[in-house]
Structures are given as C-alpha cells and as structure tokens.
Amino acid sequence: MEPYRIKVVEPLALTTRPQREAALKRVAYNPFDLRADEVTIDLLSDSGTGAISADQLAAGMRGDESYAGSRSFYRWHEVVTELTGYPHVLPAHQGRAAERILFSALLKPGDTVVSNTHFDTTRANVELTGCRALDLPCAEARDLDSDYPFKGNIDLAALGQALENAGESPVAAVLMTVTNNGGGGQPVSMENLRGAAELARRHGVPLILDAARFAENAWLVTRREPGYQDRTPRQVAEEAFRLADGCVVSAKKDGIVHIGGFIGLKDPELAERCNGLLIATEGFSTYGGLSGRDLEMMTQGLLEVTEPSYLAEREEAAAYLADRIRSVGVDIVEPSGLHALYVNAGRLLPHIPPHQYPGTALMCELYLRGGIRSAELGSLYLGEEDEHGNPVRSAPYELVRLALPRRVYTRSHYDHVARTLGDIAKDPGSVHGYRIVGQSPILRHFSIRLEPVTPQS
Ligand SMILES: Cc1ncc(COP(=O)(O)O)c(C=O)c1O
C-alpha cells in the first residue's frame with residue numbers, strides 16, 4: 001500500500017468525448033498544446049509533476065530568500081555533497097540548464113559525447129555546442145519483450161572502440177543516463193557503471209551521470225543485481241555517484257520537486273568555469289535560478305526519495321498497471337520499471353505505417369477515449385522525412401510512454417488507463433494515422449502540427 005495518506009486533493013477534469021474531440025482538433029493533434037484542465041489523467045511526464053510531502057511544504061516555509069549566502073543554500077549544499085560525494089555542487093533551475101552549463105564548459109565544437117542513450121534535451125544541448133551525441137545502448141535493449149534486468153546498460157565493447165578510434169571527433173565525455181529514459185526507462189547495473197568508469201578513466205575522459213532518476217535506478221539495483229540485495233537504495237546511489245566524475249541532475253524527478261536541478265563535479269577547474277556560466281545565465285552560485293523555498297523543498301525531497309517503503313510502493317504500483325495492461329492484450333517494454341511504462345504501439349496498430357505515426361495515433365486515441373495524456377516515442381520523436389514528407393529515417397520502435405507522476409495517482413486511476421487501452425485493443429483497426437502539417441527544426445515533437453489520415457483523405 002501507499003506509505004502515505006492524502007491530505008490535500010485536487011479535482012480531476014472530467015470531460016465529454018465531444019469536448020475532447022474539439023480540444024484535440026484545436027491543438028492540431030499535439031497533446032503538448034492541450035490545456036491541463038482538458039486532461040483527466042496526465043501521464044505526459046513524471047517531471048515536476050509529483051506531490052510534495054508535508055515535510056517538504058514545511059521546509060519550503062523555512063526558505064531563506066537572501067540573494068547571496070542563504071541558509072537554504074547551505075542546508076542544500078550539505079545534503080547534496082553528502083549524497084553525491086562531489087566537493088563542487090551548483091544549483092540550477094532544472095536539468096537542461098545544468099546540461100547547457102556543463103556542456104558549454106566541458107566541450108569544444110567537434111567533440112563527441114558517448115552515452116547509453118541521450119535524453120532529448122541532453123542531445124540537443126550537446127548538439128547546440130557543435131558536438132556529436134553518440135548513443136551506444138547494450139544489445140539486449142533491442143529485444144523489447146525479454147526480461148533482461150539491465151537494458152539501460154551501455155555497450156561496453158562499443159564504448160571501448162569509440163574511445164580508441166575517436167578520429168576527428170574525440171570523445172570528451174561519457175554520459176550515463178540513470179535510469180535510461182530514452183531507452184525504455186530501463187536501469188543501469190553497477191557492474192556496467194563500473195565498466196564505463198574504468199574505460200573512461202583509462203582514456204582520461206570524464207564520466208558524467210545524468211542522474212535524474214538516481215534513486216529509482218538504485219532501487220532496481222537492490223532488486224535485480226547480485227550482491228546488492230542487502231544494500232539500501234541510498235548506499236547504492238552514493239556508490240554510483242562516486243564512480244563518476246560528476247553529474248547533471250533534474251531534481252524534478254527524484255528530487256520530487258516542481259522545479260530544480262544541479263551540477264556536481266570533482267574537478268575544481270571545471271566547476272569554476274561552470275560557476276561563471278551559472279552566474280551569467282541562471283543566477284548567483286547560492287541560488288542558481290531557484291528560490292530559497294525551492295532549494296529547501298529539493299533538499300527534503302532528496303532525503304525522502306531513497307526511503308525503501310516509498311520506492312517499493314512505486315515499483316509495485318507500476319507493476320500493477322503493467323499487469324493490467326498485459327491482461328487486456330497490450331504489450332509493453334519488459335521488464336516494467338518505475339517512472340513510466342512504454343506501450344508497444346507499433347505492435348498494437350500494425351496497419352499504421354511508421355510515418356503515419358502509430359505512437360501518435362495511440363496517444364490521440366487514449367485522449368479521445370479516456371482523457372489520458374501520454375507521450376509518443378516513435379517515428380515522430382526520432383524519425384525524419386524529406387521536404388516532400390517521404391520517410392528518410394524511422395524510429396526502431398513505435399512506443400507510447402505512460403509516465404507515472406510520483407505520489408499522484410492511485411490504482412483506480414490506473415484501472416481507468418488499462419480499461420481505456422483494453423477498449424482500443426478490442427478494435428485497433430478503427431484507429432487511423434496522422435500526417436505532419438507543420439513542424440520546427442529542433443525538438444519537433446514539442447510543437448508539431450498534425451492532421452488525421454482517414455480512409456477518405
Ligand atoms: C534523463 C533526463 N535527463 C534530463 C532531463 C531534463 O531535465 P529538465 O526537464 O529538468 O530540464 C530529463 C527530463 O525529463 C530526463 O528525463
């Protein structure tokens with residue numbers, strides 16, 4: 001059961017099918033543009049969407065809003081350096097701000113960053129500095145149905161080769177995303193992390209953790225990796241941070257806050273360069289774009305998130321929804337993790353070709369039938385077409401991500417999600433694809449404009 005009871009509630013937006021049809025048409029079939037009060041169950045993101053605890057709220061009230069040297073910063077600093085072991089920690093307003101600052105300070109145009117899988121903003125920030133973002137996920141990640149416990153791992157042999165044969169684009173950083181959000185939310189084993197750290201060290205390249213979900217990764221290590229059963233998630237998280245040379249963190253996930261992030265580093269000179277950029281673009285070193293209230297709530301969230309009872313329930317709730325979805329005959333990426341379930345839309349809607357976006361079709365159908373908002377991770381997110389709309393590159397899989405906000409929805413909300421998917425699975429042939437009518441050149445899925453491809457059109 002949930003290791004908490006509910007003190008504050010918010011009404012759900014209950015809408016009719018005609019209202020949802022009109023809303024989806026108005027936003028050109030891009031759920032990012034829906035108003036949140038048109039959505040009943042919002043599984044678009046687990047980022048900044050969690051419920052804060054009474055202790056976080058109380059800590060927020062103690063926020064010291066001094067411009068420099070605030071008490072809230074020093075409390076935050078103590079907790080973050082204890083957790084990560086990094087002597088240099090800098091607050092930032094969210095993960096991508098931390099990425100932009102670190103990459104601007106660390107990379108030179110033409111460098112390569114190698115990762116198990118870059119998250120989309122992480123890739124964008126690498127590319128915006130004129131560098132190449134190379135993903136080397138392990139081979140096991142390709143089989144969506146297998147129960148392999150650590151599909152978030154990097155391919156260590158390929159990483160070794162990339163480090164040896166850098167050629168014209170030398171590897172300037174190895175970035176391990178834990179858990180691997182772009183790779184189905186799958187965890188990274190400590191063995192794999194250790195292997196990546198050894199290779200990086202041998203080549204004099206820093207290993208950086210993209211540690212947005214450090215506690216969830218640590219929990220799955222205690223559950224799945226031999227030798228870690230008797231360790232607490234906090235101990236595993238501490239070990240993981242210490243294997244790396246630094247981190248970028250979006251605290252909107254495992255900080256359980258609505259806004260916040262940070263950079264942690266061992267290298268004092270790199271930290272100094274980051275600090276200069278932080279002051280220029282985020283704010284002074286003791287607030288980094290956050291209020292004292294935000295820093296206090298993050299500090300408390302970072303302490304709560306490694307509680308075994310919280311993580312155990314989070315895993316069980318995700319497993320509950322996964323079981324319900326499997327029972328209505330819909331496949332998800334296995335094994336189920338914690339922060340999201342990834343539905344195999346390509347398999348559910350095989351009649352829709354990749355460049356009519358089966359994931360988008362399923363995402364729209366979930367909204368039309370159940371008021372549920374989700375995110376496409378398929379050929380709209382990862383694919384490319386030429387100027388005439390002809391396919392150039394498709395995604396390897398057509399997925400829809402159901403992100404699970406922390407401490408927000410109950411099992412009866414999840415029943416509604418599974419029932420809606422079950423309705424769709426009874427008559428998948430009635431679902432149609434979409435075509436693009438407008439897009440931006442960067443991170444297009446955020447602002448895409450679409451129209452339905454119906455049999456008549
Ligand atoms: C793995 C990962 N890295 C970085 C980010 C970016 O963080 P933010 O949204 O706080 O900018 C995200 C956000 O979802 C993420 O999942």
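The values are calculated or read from the model by the stated rules, or taken from the named source; none is laboratory data. As the structure is a prediction and not an experimental result, all values here were calculated from the model. Because the Cβ atoms are built from the backbone with ideal geometry, glycine has one as well, and the counts that use them run over all protein chains shown. Keep in mind that these areas ignore ligands, DNA and RNA; they rest on the heavy atoms of the full protein, side chains included. Shrake-Rupley method; radii C 1.70, N 1.55, O 1.52, S 1.80 Å.
Please enumerate the residues belonging to the stretch 160-185 that are more than 30 Å from LEU277 (Cα to Cα) and either touching a residue at least 40 places away in the same chain (Cβ under 8 Å) or open to solvent by 50 Å² or more (accessible area, probe 1.4 Å) (or both).
Result: GLN161, GLU164, ASN165, GLY183, GLY184, GLY185.
Looking only at the stretch 16-51, how many residues end up being touching a helix residue (DSSP H, G or I) at 6+ places or on another chain (Cβ under 6 Å), in contact (Cβ under 8 Å) with a residue 60 or more places away in the chain and β-branched (Val, Ile, Thr)?
Of the residues in the stretch 16-51, 1 are touching a helix residue (DSSP H, G or I) at 6+ places or on another chain (Cβ under 6 Å), in contact (Cβ under 8 Å) with a residue 60 or more places away in the chain and β-branched (Val, Ile, Thr).
So, in the stretch 410-457, how many residues would count as being in a helix (DSSP H, G or I) and either assigned by TED's automatic domain parsing to the domain that holds THR122 or within 24 Å of SER45 (Cα to Cα) (or both)?
Restricting attention to the stretch 410-457, the residues satisfying the condition of being in a helix (DSSP H, G or I) are 411-426, 428-430, 444-446.
Subset that is either assigned by TED's automatic domain parsing to the domain that holds THR122 or within 24 Å of SER45 (Cα to Cα) (or both): 411-425, 444-446.
Residues in the stretch 410-457 being in a helix (DSSP H, G or I) and either assigned by TED's automatic domain parsing to the domain that holds THR122 or within 24 Å of SER45 (Cα to Cα) (or both): 18 in total.
Look through VAL39, VAL80 and report the one residue that is among the β-branched types (Val, Ile, Thr), buried (at least 20 other Cβ atoms within 10 Å of the Cβ) and within 16 Å of the ligand (Cβ to nearest atom).
VAL80
What are the residues in the stretch 241-267 that are open to solvent by 10 Å² or more (accessible area, probe 1.4 Å) and either among the β-branched types (Val, Ile, Thr) or more than 14 Å from the ligand (Cβ to nearest atom) (or both), if any?
ARG242, LEU243, ASP245, ILE259, LYS266, ASP267
Of everything in the stretch 347-402 that's among the charged types (D, E, K, R) and surrounded by fewer than 20 Cβ atoms within 10 Å (Cβ to Cβ), which residue is modelled with the lowest pLDDT? Spell out the reasoning first.
So in the stretch 347-402, the residues among the charged types (D, E, K, R) come out as 347, 365, 369, 373, 376, 384-387, 393, 398, 401.
From the residues that got through so far, the ones that are surrounded by fewer than 20 Cβ atoms within 10 Å (Cβ to Cβ) too are 347, 369, 384-387, 393.
Values: ARG347: 97, ARG369: 98, GLU384: 86, GLU385: 85, ASP386: 85, GLU387: 82, ARG393: 89.
Per the stated criteria, the residue is GLU387.
Quick check: anything in the stretch 181-196 in a loop (DSSP other than H, G, I, E, B) and among the basic types (Lys, Arg)?
no
Within the stretch 176-185, does at least one residue satisfy the condition of being farther than 22 Å from VAL343 by Cα and over 14 Å from the mean Cα position of the chain (by Cα)?
no
Restricting the stretch 112-155 to residues that are among the basic types (Lys, Arg) and in contact with an Asp or Glu (Cβ under 9 Å, 6 or more places away or on another chain), which is nearest to the ligand (Cβ to nearest atom)? Walk me through how you get there before you give the answer.
Step one: list which residues in the stretch 112-155 are among the basic types (Lys, Arg), which gives 123, 132, 142, 151.
Okay, now just the ones that are also in contact with an Asp or Glu (Cβ under 9 Å, 6 or more places away or on another chain), so 123, 132, 151.
Details: ARG123: 10, ARG132: 18, LYS151: 15 Å.
Among them, the one singled out is ARG123.
So is VAL205 in contact with a helix residue (DSSP H, G or I) (Cβ under 7 Å, 6 or more places away or on another chain) and within 16 Å of the ligand (Cβ to nearest atom) or not?
no
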